[in-house]
Structures are given as C-alpha cells and as structure tokens.
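Here's the structure we're looking at; comments come further down.
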Amino acid sequence: MRNNPGVMACNEAPLLTRRTIIVTGIGRSGTKAMQSCLMNMGVRNNGQQSSDALDDWEMGPLLEAKDVGEITKEIKRRNRLADVWGFKWHLLFERPDQFQLFRNPIVVCMVRDSVSIACRSALEVADRPDQMEWLEMVTNWQSKLAGWASSYSGPLVMVSYEKMLTQTKDTIDAVAQFCGLHPTDSTYDLVRKN
C-alpha cells in the first residue's frame with residue numbers, strides 16, 4: 001500500500017531562488033506548527049510576529065486593510081532583506097487577489113478536521129463558547145477554502161495537520177521538497193513536541 005503523508009501538491013512550478021512562502025488556513029488548523037517548521041528550515045519572517053501564534057502583525061493587518069500601496073511597500077522591504085522569506089496569516093483564501101502581489105509566492109495551506117477546530121475555538125474564544133456555532137463557521141470556511149484551492153493557479157500545497165502529527169517525517173519532507181527547503185531532525189522534533 002502506498003504511503004499517504006496528507007500532502008496535496010497543486011500547481012507545482014520550478015523553484016526560483018527568490019520566493020515568498022505564505023502559510024495560511026483556518027485558525028487553529030496547525031499554521032503555527034507549520035510556520036515553526038519553515039522558520040527552522042531557514043525561511044525568514046522579517047516582520048513582527050506574535051510570540052504565541054507566530055502571526056505576522058505587520059503584514060497581516062496590511063492585508064486585512066487591503067491597502068495595496070502599503071502592502072507593496074512592505075513586500076519590497078522584505079524582498080530586500082532575504083531571497084526566501086515568509087509569513088503566516090489566517091483566512092488569506094478570502095482575499096485571493098493579494099497573492100499576486102508577492103514575489104514568486106508558494107502557498108502552504110493547513111487543513112484540520114472541522115470538529116477539532118470548532119471545539120478548540122469554543123474553548124479559547126470567551127465571547128463565543130457555542131461549539132455548534134463554531135462548527136458552522138468552520139465548515140463554511142472550509143468550503144470557501146476548497147473553492148479557492150480548486151481555482152488558484154499558483155504553487156499551492158495543502159497539508160493535513162492530523163497527518164503532520166502522525167506521519168511527521170513524511171509530511172514535512174513532502175512540504176519541504178515542494179518549497180525547496182531542507183528539514184533536519186530538529187524540524188521534525190518541533191512537530192513531535194507540539
């Protein structure tokens with residue numbers, strides 16, 4: 001039987017020396033674990049990250065505000081700092097026109113089962129404790145994500161968080177190959193400790 005590392009590579013493209021690796025997905029879907037692994041493999045952030053979730057609090061709000069001029073200015077600054085850099089921000093599939101602003105973007109999209117995300121969200125968001133409300137929101141986001149992924153034409157790799165936890169080496173190796181990176185034992189350890 002063939003191994004299933006839970007990685008779906010879409011629209012593979014030749015790896016260019018200069019590229020931007022963007023981690024996205026629904027909140028609580030494993031984006032922090034993936035961003036940690038990418039940083040361990042040498043992907044620089046060059047922005048202000050939150051220490052707990054590794055969200056990029058410089059790029060993220062610019063993308064939310066949809067200010068193309070400011071986004072472009074920040075991208076140019078980061079492009080000058082590193083040939084390969086990346087960041088993490090949730091729900092970017094809701095703003096698909098923004099990916100084209102980045103230099104040779106590779107999108108890593110984390111996916112996790114909807115019940116796990118809904119239960120964890122209900123526990124962590126004090127003003128929204130209703131698990132069923134969260135489940136409805138999460139399944140709606142997952143439907144939007146699937147629609148976006150099927151029409152996105154750039155390099156995209158969809159990654160199962162559950163498979164990343166149970167088949168760590170195979171999953172990380174597949175993502176690293178897609179992104180042109182090289183994992184080490186310390187990369188796998190980041191997931192195993194999660």
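Data table
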read-out	value
Interchain or long-range residues, amide H under 5 Å from E58's placed H	Q48
S116 accessible area, assembled protein chains, probe 1.4 Å, Å²	40 Å²
Protein accessible area in region 30-81, 1.4 Å probe - carbon and sulfur %	51 percent
Cross-link reach list, aspartates and glutamates versus K163, counting only Cα pairs under 20 Å and skipping chain neighbours closer than eight places	D113, D173, D185, D189
Full-stretch length increase - E70, W57 - with 0.36 nm per residue and alpha-carbon distance subtracted	3.3 nm
Alpha carbon centroid spacing (whole Å) that separates region 38-115 from region 133-158	17 Å
For region 73-126, size of Cβ-based charge dipole, Lys and Arg +1, Asp and Glu -1, in debye	380 debye
Reported label for calculated semi-axes √(5λ) of the Cα gyration tensor in Å given [x] 61, 14, 12; [y] 24, 21, 16; [z] 41, 19, 14	[y]
Accessible area per residue in Å² at 1.4 Å probe, computed on the chain	51 Å²
Backbone N under 17 Å from the R77 label point (7 Å along Cα→Cβ), restricted to region 17-46	44-46
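The values are calculated or read from the model by the stated rules, or taken from the named source; none is laboratory data. This one's a predicted model, so the numbers in the text were calculated from it and none came from an experiment. Positions of Cβ are backbone-derived with ideal geometry, glycine not excepted, and every protein chain shown enters the neighbour counts. Heads up: the accessible areas ignore ligands, DNA and RNA and are worked out on the full protein's heavy atoms, side chains in. Shrake-Rupley method; radii C 1.70, N 1.55, O 1.52, S 1.80 Å.
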